[in-house]
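I have placed the structure first, in the form of structure tokens, so that the comments after it can refer back to it.
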Amino acid sequence: MSEAAVKTRAAEADALTQRLDALTLPEAGFTAAARADALARLRAMGLPHPRDEYWRFTDPRPFNAPLPQPIPLEETSPDSPLFTDRDRLVLVFVDGRFDAAASSDLALDGAEIDILSQAETRADHWAGALYGKLEAAGQTPVPRPFAALNTAVAADGVLIRVTGKPAKPVHIIHRRASAEADVSWHHLIRLEPGAELTLLETGMVGARSNGVTEVDLAPGARLNRIAAKRAGHQKLGFSGIFARVDAEAAFKNFELSVNGTLMRHEAVVEFVGDDAVAHVAAAVLGDGRTGPFHHDDTVFVTHGAERCESRQVFKKVLKNGAVGVFQGKILVKPGAQKTDGYQISQALLLDDDSQFLGKPELEIYADDVQCSHGSTTGAIDETALFYLRSRGVPKSRAIVLMILSFLADALAEVEDESLREDIAERLDAWLTRHA
Amino acid sequence: MLKINNLHAKLEDEDKQILKGVTLEVPAGEVHAIMGPNGSGKSTTSYVLSGRDGYEVTEGSATLNGQDLLEMEPEERAAAGLFLAFQYPVEIPGVGNMTFLRTAANAQRKARGEDELSAGEFLKLVREKAKTLNIDAEMLKRPVNVGFSGGEKKRNEILQMALLEPKMCVLDETDSGLDVDAMRLVADGVNALRSPDRAFLVITHYQRLLDHIQPDVVHIMADGRIVKTGGPDLALEVEKNGYADILAEVG
């Protein structure tokens, strides 16, 4: 190793030590062993570096600072809150801590809901066997240091075990109370055989945030998760979702992301039973005019069972120097015959300054499978734009319609029509403001 | 209604002159046809009139009821009463036909200082017009032109025309890609919209569309100019003898 390389490594080790020293570990109960294990794993793997294969397009160093830069609280939101005009069970987190007074009663027919910080000390809690397990399993073959960090230090989160089919969705809402909060949460979602749940997650995240959700779907379970967290400007955020999908289960995940200086969303899905379905989709909007924008979706889907269907549908709209990244992988293990895997990642660049970096990967060890991917980068179709304008639609509105048209495939992944309409309205409002 | 005078236009990126002095007047209530061989500038005329990007007008004028069309954005031309029925209507996935139609109709009403139509009023209006054009209500629910047959796309153009009630309609090779029955249906739609205060400019290669949409005046276009103007008989002459005779005659 050269002298320079030795120095670099030493500096990185230093950064890790500083980061770890700055952490306050929560009072742990049943998660203690998992947290200690995660911390040991993090020490062994170190913090990520642009040298790492899966960090080549996104410089992780801003995440590595011991503490985030304070970001002033948002005064008002230009949008009305999402999903509020329906019956829901609301769970509010302020700077990553559960706020019981602002939340609904936790009782829900067909589900058992606890709050991590409150349940920690309880003996024989179901979550004890799950906490950090799927995250740890998701570290192979690609290390995910920020997810390990999360498991070690997450202050709070929800623990939902669903046994039936609750009549209403569970809605997690994030709020900010301090400018400098370094927020982390860790949710565990376990659906028992045949159970169904719709999980919504919205709200404004902290100056720096790190959220991990572990999803464990038993045979025949169905989870629809729709996240539309608001990054606001200048924020740094990491989120990881780790899903284990058993036979005939269905996992549908949709994320809407707007704004944010540096956002990295990782989704790690593994099929462990036959005939299951998993769709991960996202619509991402970034405008560099209101602050730097870099958004990275990194997805890893492992087909470890037969006849499973996976879909990755990612659409990014970028302007004024915004950068979008997509790294999507489908791994088909030996014996995962009749796999049906598909991924599409597309970027609509609204000017010459924006950038999309895509890395689709397929790794297939079974011989009777159907796997494909597509990735495109393009501008708005001038002919279609002219068509709309020739009918009297003003140019700015015509552009919004064309962008909504571009995003339609991702939005179609939201099954519920009224939820889909809410998201479409939010998209429309953002696009109109940023026209 | 529409006055085009000595219109010259070229492609923005190339030096190739396409229109070399088109002069033409379409009075209210009349239907004029432009016929001509491939590459004569028929479609370019329609694009320049409607304001498509990529063309540069180097000389001449085009006015609609005295308003200078060439100074306006495409959406302003539409609000002023110009409508272009596309040769190849564009598919726009993810945007509902109904949303599109209502956005267009209300944008034009707003531009003209008229009240916008509510969703309910608009739905009623669309259903009524769609029925007269034999358009399935299902088609209105689908994304704009996506999965439409050639005939459905053209009928959708005519439906837009019926809803937007333009003063001056330019039909760019509306007959292309249509079978005889579809062509008749589209022609019926156009004929239903004929009125003393509306004019049509029908661009076509073939005479057969003009069997169904009877023109008052026929213009022959060649090499970027109107080279001959006559009555409906001129179209029959083209059908019988081709363009060669006429082009030879006008030199």
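At most 12 other C-beta atoms within 10 Å and a DSSP loop state: those are the exposed GluC sites (Glu not before Pro) I care about. Give me the longest piece of chain A that has none.
Details: sites that count: A:E27, A:E74, A:E75.
It works out to A:76-435.
Out of residues 5 or more away from A:G237 or on other chains, whose amide H comes under 5 Å of its own, with H placed 1.01 Å from N in the peptide plane?
A:S209, A:L262, A:M263, A:R264
For region A:303-359, state which trypsin sites (Lys or Arg not before Pro) are in a DSSP loop and have at most 11 other beta carbons lying within 10 Å of their beta carbon.
Details: sites: A:R307, A:R311, A:K315, A:K316, A:K319, A:K329, A:K338; in loops: A:R307, A:K338.
Qualifying residues, ordered by number: none.
Farthest toward the dipole's positive end in region B:2-250, which of B:H8, B:V48, B:F83, given Cβ charges of +1 (Lys, Arg) and -1 (Asp, Glu) about the Cα centre?
After comparing all options, I get B:F83.
Within a 10 angstrom radius of each residue's Cβ in A:393-404, how many Cβ atoms of other chains show up on average? Whole number is fine.
Numbers: counts 10, 10, 3, 1, 4, 6, 0, 1, 7, 3, 1, 4.
Partner Cβ neighbours, averaged per residue: 4.
Apply the Karplus curve 6.51 cos²θ - 1.76 cosθ + 1.60, θ = phi - 60°, to the phi angles in region A:157-168 and return the couplings in whole Hz, x for Gly and Pro.
Rounded to whole hertz, the list is x, 10, 10, 10, 10, 9, 10, x, 10, x, 6, 10.
Apply 1/(1 + (r/R0)^6) to the Cβ-Cβ distance of A:E196 and A:D79, taking R0 = 35 Å, and write down the FRET efficiency to the nearest 0.05.
Details: r = 29 Å, r/R0 = 0.82.
E between A:E196 and A:D79, to the nearest 0.05, is 0.75.
What does the structure give for B:108-115 when I average, per residue, the other chain Cβ atoms found within 10 Å of the residue Cβ? Kindly include the intermediate steps, with their values, before the conclusion.
Details: counts 3, 1, 2, 2, 1, 0, 0, 0.
Per-residue shielding by partner chains comes out at 1.
Quick query: amide H of A:F300 versus all other amide H atoms, modeled in the peptide plane; which residues come in under 5 Å with a sequence gap of 5 or more or a different chain?
When sequence neighbours closer than 5 places are left aside, the close amide H contacts are A:A267, A:V268, A:V269, A:K329.
When only alpha-carbon atoms are used, what values of Rg and Dmax, in angstrom, describe the protein assembly as shown?
30.7, 102
So the label point goes 7 Å from the Cα of B:S118 along Cα→C-beta, right? Which residues of region A:415-435 then have their backbone N under 11 Å from it?
What the label zone holds, given the 11 Å backbone N cut-off, is no residue at all.
Please work out how much length the chain gains when fully extended from A:A429 to A:D109, using 0.36 nm per residue of separation minus the C-alpha to C-alpha distance, in nm with one decimal. Intermediate values should be presented prior to the final figure.
Details: separation 320, 0.36 × 320 = 115.20 nm, distance 3.54 nm.
The span from A:A429 to A:D109 would gain 111.7 nm if fully extended.
Let me cross-check A:D274: its accessible surface, 1.4 Å probe, with only protein heavy atoms counted, in Å² to the nearest 10?
60 Å²
Of all the stretches in chain B, which is the longest one without any exposed loop site, taking GluC sites (Glu not before Pro) in a DSSP loop (any state but H, G, I, E, B) with at most 15 other Cβ atoms within 10 Å? Let's see the in-between values first.
Details: sites that count: B:E12, B:E14, B:E114, B:E116.
Maximal segment without exposed cleavage sites: B:117-251.
On average, how much area does the Cα convex hull of region A:29-176 cover when viewed from any direction, in nm²?
11.6 nm²
Can you check what the net charge comes to around A:A154, using other residues whose Cβ is under 12 Å from the Cβ of A:A154 (Lys, Arg +1; Asp, Glu -1)?
Details: positive: A:R35, A:R97; negative: A:E120, A:E135, A:D156, A:D182, A:E214.
For residues surrounding A:A154, the net value is -3.
Which trypsin sites (Lys or Arg not before Pro) in region B:188-242 pass both tests, a DSSP loop state and at most 15 other beta-carbon atoms within 10 Å? Intermediate results must be reported in sequence, preceding the final value.
Working: sites: B:R194, B:R198, B:R208, B:R225, B:K228, B:K240; in loops: B:R194, B:R198.
Sparse-neighbourhood loop trypsin sites (Lys or Arg not before Pro): B:R194.
Could you derive backbone 3J(HN,Hα) for region B:36-50 from the dihedral phi with the Karplus parameters 6.51, -1.76 and 1.60 (θ = phi - 60°), listing whole Hz in sequence and x where the residue is Gly or Pro?
After applying 6.51 cos²θ - 1.76 cosθ + 1.60, I find x, x, 4, x, 7, x, 5, 5, 4, 4, 5, 5, 5, 5, 8 Hz.
Mean-square fluctuation check for chain A, GNM, Cα pairs under 10 Å: which of A:V205, A:V258, A:V142 is largest?
Among A:V205, A:V258, A:V142, the largest mean-square fluctuation in the Gaussian network model of chain A belongs to A:V142.
Considering the dipole of region A:3-380 built from charges on the beta carbon (Lys and Arg +1, Asp and Glu -1) around the Cα centre, which of A:F98, A:F83, A:A181 is farthest to its positive end?
Working it through, the farthest residue towards the positive pole turns out to be A:A181.
Students often get this wrong, so check it: of A:K168/B:K141; A:K319/A:K359; A:K338/A:K359; B:K10/B:K42; A:K133/A:K333; A:K168/A:K315, which have C-alpha atoms separated by over 18 Å?
On the way: A:K168/B:K141 29 Å; A:K319/A:K359 20 Å; A:K338/A:K359 24 Å; B:K10/B:K42 13 Å; A:K133/A:K333 21 Å; A:K168/A:K315 29 Å.
A:K168/B:K141; A:K319/A:K359; A:K338/A:K359; A:K133/A:K333; A:K168/A:K315, as the Cα separations exceed 18 Å there.
Give me the net charge for the shell around A:D409: Cβ to Cβ below 13 angstrom, other residues only, Lys and Arg +1, Asp and Glu -1. Write out the running numbers ahead of the final one.
On the way: positive: A:R311, A:K315, A:K316, A:R420; negative: A:E413.
That works out to +3.
Taking H placed 1.01 Å from N in the peptide plane, check which residues at least 5 places from A:I172 or on another chain put their amide H under 5 Å from its amide H.
For A:I172, the qualifying residues are A:L91, A:L200, A:E201, A:T202.
What number comes out for the charge environment of A:V332, summing +1 per Lys or Arg and -1 per Asp or Glu over other residues with Cβ under 11 Å away?
Within the 11 Å Cβ shell, the charges total -2.
Quick check of the Kirkwood formula: for region B:2-250, what is the inverse mean of 1/r over all pairs of different Cα atoms, in Å?
Details: mean 1/r = 0.0536 Å⁻¹.
Over region B:2-250, the inverse of the mean reciprocal pair distance is 18.6 Å.
Other chains near B:117-126: what is the mean number of their Cβ atoms within 10 Å of each residue's Cβ? Could you put the intermediate results ahead of the total?
On the way: counts 0, 0, 0, 0, 0, 0, 0, 0, 0, 0.
Counting Cβ atoms of other protein chains within 10 Å of each residue's Cβ and averaging gives 0.
Tell me, what is the FRET efficiency for B:K3 and B:N191 to the nearest 0.05, using R0 = 25 angstrom and their Cβ-Cβ distance as r? If you can, show how the numbers build up before the last one.
Working: r = 25 Å, r/R0 = 0.98.
Working from the Cβ atoms, E equals 0.50.
Each residue of region A:40-48 in turn: what ³J(HN,Hα) in whole Hz from Karplus with 6.51, -1.76, 1.60 and θ = phi - 60°, glycine and Pro shown as x?
Values per residue, Gly and Pro as x: 5, 5, 4, 4, 5, 8, x, 7, x Hz.
Which of the chymotrypsin sites (Phe, Trp or Tyr not before Pro) across region A:298-389 are loop residues per DSSP, with 15 or fewer other Cβ within 10 Å?
On the way: sites: A:F300, A:F314, A:F326, A:Y342, A:F356, A:Y365, A:F386, A:Y387; in loops: A:Y365.
Filter output for region A:298-389: A:Y365.
How much of B:D15 can a 1.4 Å solvent probe reach, expressed as accessible area in Å² and rounded to 10?
130 Å²
When only Cα pairs under 8 Å and 6 or more residues apart are kept, what is the percent relative contact order across chain A?
Details: 1089 pairs, mean separation 44.4, N = 435.
Reported as a whole number, the value is 10 percent.
The values are calculated or read from the model by the stated rules, or taken from the named source; none is laboratory data. Just so it is clear, the model here is predicted, and its values are computed rather than measured. Backbone-built Cβ (ideal geometry, glycine too); neighbour counts: all protein chains shown. To get the accessible areas, we keep the full protein, side chains included, count just its heavy atoms, and leave off ligands, DNA and RNA. Shrake-Rupley method; radii C 1.70, N 1.55, O 1.52, S 1.80 Å.
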